[in-house]
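Colleague: Here it is: the structure, laid out below.
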Amino acid sequence: MKKALIISFLSLYSISGFCQSPKIKVYILGTFHFNQVDSLEYDVRDEKHQKSIKKLSDIITNLKPDKEFVERMPEWEFENNLDSLYQEYRKGNLSRARNEVWQVAARVASRLNHPKLYSCDQPGLYGFWLGQIDDYVKKHNEQYKLEFKGKGMTIPQTSIVNYDSLRNKSELLDYIRWWNSNKVQSTSHAHYINVYTQIGNINAYTPAPQIDSTYYLGANLTVDWYRRNILTYSKMLSQLDYTEKAIFLIIGNDHTPIIKQLFRENPYFELVETEKWLGKTKIKS
């Protein structure tokens, strides 16, 4: 009897030892890059847009993330000096900067009295591979593929609507909600996996001696895109000590599906779907 009790106690202890602490909540916000829009046409520093950004920052601040991650490359911190720039922001010297790093992430971090922002971006070769793809489709008269007209190809929602016009006539917060809608994000991600992967020499039975750089050319872009986002995710993990209750990432919208998938499938995290905490867009498209 005594032996059985000891075994039972050890079993319970062993099981409890493997029990995880509460999962870290993950909040990811996809966005367009504020400072890449002509300020003469659309300036997020305008009063009406600032009202939207304040509403957005209120929403994120209320989530109480312990760390805010931004789309900057940590390897270049010695030149970017994000830490020192953030301290300047807290003194009021960068409050008029247009980038979403300062308009959203720094605003939230400062309100929560956090000492720093966290960089996590990874360089990629998207532009290089897209150039190779563009040359290939022109040479082989397959431009229709980049117009999403091939079999089994998804048309991104952003290619169906004029998103510049949509941005200009919408409230900024609702426009950001539109970018984070399932329709926009799922169709955007789909074209990485069913358009580019069908460009190049896609004859799987090409004899090995005849294989050249055009063999599954477009798939190289998709591979590189996954690589970039997996490394971005890995850089986030490396800056956690797992005492955090919640973390927040703001990043270009096309990056979010892969990074969300990685956090969704990591048992130490709880990905909170963006529409649940940000709200759904009223934009019909």
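Colleague: Of the residues in the range 137-146, how many are open to solvent by 40 Å² or more (accessible area, probe 1.4 Å) and either touching a residue at least 12 places away in the same chain (Cβ under 8 Å) or among the β-branched types (Val, Ile, Thr) (or both)?
Modeller: Residues that pass the stated criteria total 1.
Colleague: Scan the helices (runs of 4 or more DSSP H) fully inside the range 169-249 and keep the ones with 1 or more residues being of a type in the set (S, T, N, Q).
Modeller: The qualifying helices (runs of 4 or more DSSP H) are 182-194, 217-237.
Colleague: Next question. Pick from 176, 202: which is among the hydrophobic types (A, V, I, L, M, F, W, C), exposed (fewer than 15 other Cβ atoms within 10 Å of the Cβ) and over 12 Å from the mean Cα position of the chain (by Cα)?
Modeller: 202
Colleague: Now a separate question. Exactly one of (1) open to solvent by less than 90 Å² (accessible area, probe 1.4 Å); (2) out of contact with any strand residue (DSSP E or B) (no Cβ under 8 Å at 6 or more places or on another chain); (3) more than 24 Å from residue 276 (Cβ to Cβ); (4) at pLDDT 85 or above is unmet by residue 33. Its number?
Modeller: If we test residue 33 against (1) open to solvent by less than 90 Å² (accessible area, probe 1.4 Å); (2) out of contact with any strand residue (DSSP E or B) (no Cβ under 8 Å at 6 or more places or on another chain); (3) more than 24 Å from residue 276 (Cβ to Cβ); (4) at pLDDT 85 or above, just (2) comes out false.
Colleague: Any residue at all in the range 262-279 that's outside any helix (DSSP H, G or I), under 28 Å from residue 199 (Cα atoms) and open to solvent by 30 Å² or more (accessible area, probe 1.4 Å)? Give the steps one after another, and end with the answer.
Modeller: Step one: of the range 262-279, the residues outside any helix (DSSP H, G or I) are 265-273, 279.
Now restrict to residues that are under 28 Å from residue 199 (Cα atoms): none.
There is no residue in the range 262-279 that is outside any helix (DSSP H, G or I), under 28 Å from residue 199 (Cα atoms) and open to solvent by 30 Å² or more (accessible area, probe 1.4 Å).
The values are calculated or read from the model by the stated rules, or taken from the named source; none is laboratory data. Predicted model, so just to flag it, every value in this text is computed and none were measured. All Cβ positions, glycine included, derive from the backbone under ideal geometry; neighbour counts span all protein chains shown. The area values use the complete protein model at the heavy-atom level, side chains included, leaving out ligands, DNA and RNA. Shrake-Rupley method; radii C 1.70, N 1.55, O 1.52, S 1.80 Å.
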